[in-house]
1. Restricting region 116-138 to residues that are among the hydroxyl-bearing types (Ser, Thr, Tyr) and assigned to a loop (DSSP other than H, G, I, E, B), which is farthest from the chain's Cα centre (by Cα)?
2. Restricting to region 1-42, give me the number of residues that are over 12 Å from the mean Cα position of the chain (by Cα), surrounded by fewer than 22 Cβ atoms within 10 Å (Cβ to Cβ) and in a helix (DSSP H, G or I).
3. Do we have LEU110 as touching a helix residue (DSSP H, G or I) at 6+ places or on another chain (Cβ under 9 Å), surrounded by 13 or more Cβ atoms within 10 Å (Cβ to Cβ) and farther than 26 Å from ALA172 by Cβ here?
4. Could you identify the single residue in SER141, SER184, SER163 that is among the hydroxyl-bearing types (Ser, Thr, Tyr) and either surrounded by fewer than 20 Cβ atoms within 10 Å (Cβ to Cβ) or over 20 Å from LEU9 (Cα atoms) (or both)?
5. Can you say whether LEU77 is in contact with a Phe, Trp or Tyr (Cβ under 8 Å, 6 or more places away or on another chain), touching a residue at least 24 places away in the same chain (Cβ under 8 Å), crowded, with 19+ Cβ neighbours inside 10 Å and over 17 Å from ILE97 (Cα atoms), as far as the supplied structure shows?
6. Please state which one of ASP166, ASP150 is in contact with a helix residue (DSSP H, G or I) (Cβ under 9 Å, 6 or more places away or on another chain), among the charged types (D, E, K, R) and free of Cβ contacts under 8 Å to residues at least 40 places away in the same chain.
7. Evaluate the following for SER141: is it assigned to a loop (DSSP other than H, G, I, E, B) and either in contact with a helix residue (DSSP H, G or I) (Cβ under 7 Å, 6 or more places away or on another chain) or among the hydroxyl-bearing types (Ser, Thr, Tyr) (or both)?
8. Identify the single condition in (1) at pLDDT below 95; (2) within 22 Å of LEU187 (Cα to Cα) that PRO66 does not satisfy, given that it satisfies every other one.
Amino acid sequence: MTTIASARLVVLISGNGSNLQAIIDHIESGKLNAIISLVISNNKNAYGIIRAQQHNIPTRIAVPDPEETRQQYDCRLIKIIDDIDYDYIVLAGFMKILSDNFVDHYKGCLLNIHPSLLPRYKGLNTHQRVLDAGEKIHGASVHFVTPTLDSGPIIMQVAVDISPGDTPATLANRVLKKEHSLYSHVLSMCIDETVELSGKHVFVNGRKINKPLILESE
């Protein structure tokens, strides 16, 4: 039997880091064959940094300088990341728009999770917006990152039913719980070398998928 080497992840965060924690938990339980080489935060007060340190994961704080352009900041990030070994760059609540240069530099190994069923509800405040629109289904998507915001090829999604009494907070909480399973599931597929980006399309086991895969609710 061929043993697949553990994938090396660099995780970028800005806040609480609950998706980071879920990835750590899946790694430590043996469900995800990976190691986290580094956690980077653009916010020195991000609780996700504490989460990483509690598990002896290396961390770096990279706060943008007011004098820096977006491109200059991203060049700093690139230097930090390229100085270590990595297989995938994982955006887990990284609240900063990345430059085209950064995205192109990591094309095919840069992943993001977004709290909506893309391509609907790109951007911020998705939970309030789906409620305002009277939607009955919400969810989350994991996609490869491209220069256009929240528009990269989608790998997999998970759906959440919207209840009549939902508020943005209750809906966000249910979606977030699904995100935790979704992200690790997609990472596991990538690590097993079944998922790749070719051009503008996602291929699974060498075959192009014409629509996102769906993670069945647990």
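The values are calculated or read from the model by the stated rules, or taken from the named source; none is laboratory data. Remember, it's a predicted structure, so these values are computed and weren't measured experimentally. Cβ atoms come from the backbone with ideal geometry, glycine included; neighbour counts cover every protein chain shown.
1. Kept after step one, since they are among the hydroxyl-bearing types (Ser, Thr, Tyr), are these residues of region 116-138: 116, 121, 126.
Going one step further and asking which of them are assigned to a loop (DSSP other than H, G, I, E, B), we end up with 116, 121.
Details: SER116: 13, TYR121: 16 Å.
So, considering only residues that are among the hydroxyl-bearing types (Ser, Thr, Tyr) and assigned to a loop (DSSP other than H, G, I, E, B), the one farthest from the chain's Cα centre (by Cα) is TYR121.
2. So the count comes out to 5.
3. Details: touching a helix residue (DSSP H, G or I) at 6+ places or on another chain (Cβ under 9 Å): yes; surrounded by 13 or more Cβ atoms within 10 Å (Cβ to Cβ): yes; farther than 26 Å from ALA172 by Cβ: no.
No, not satisfied.
4. Of SER141, SER184, SER163, the one residue that is among the hydroxyl-bearing types (Ser, Thr, Tyr) and either surrounded by fewer than 20 Cβ atoms within 10 Å (Cβ to Cβ) or over 20 Å from LEU9 (Cα atoms) (or both) is SER163.
5. Values: in contact with a Phe, Trp or Tyr (Cβ under 8 Å, 6 or more places away or on another chain): yes; touching a residue at least 24 places away in the same chain (Cβ under 8 Å): yes; crowded, with 19+ Cβ neighbours inside 10 Å: yes; over 17 Å from ILE97 (Cα atoms): no.
In short, no.
6. Values: ASP150 fails: in contact with a helix residue (DSSP H, G or I) (Cβ under 9 Å, 6 or more places away or on another chain).
Of the residues listed, the single one that is in contact with a helix residue (DSSP H, G or I) (Cβ under 9 Å, 6 or more places away or on another chain), among the charged types (D, E, K, R) and free of Cβ contacts under 8 Å to residues at least 40 places away in the same chain is ASP166.
7. Working: assigned to a loop (DSSP other than H, G, I, E, B): no; either in contact with a helix residue (DSSP H, G or I) (Cβ under 7 Å, 6 or more places away or on another chain) or among the hydroxyl-bearing types (Ser, Thr, Tyr) (or both): yes.
Spelling it out, it is not the case that SER141 is assigned to a loop (DSSP other than H, G, I, E, B) and either in contact with a helix residue (DSSP H, G or I) (Cβ under 7 Å, 6 or more places away or on another chain) or among the hydroxyl-bearing types (Ser, Thr, Tyr) (or both).
8. For PRO66, the failing item is (2).
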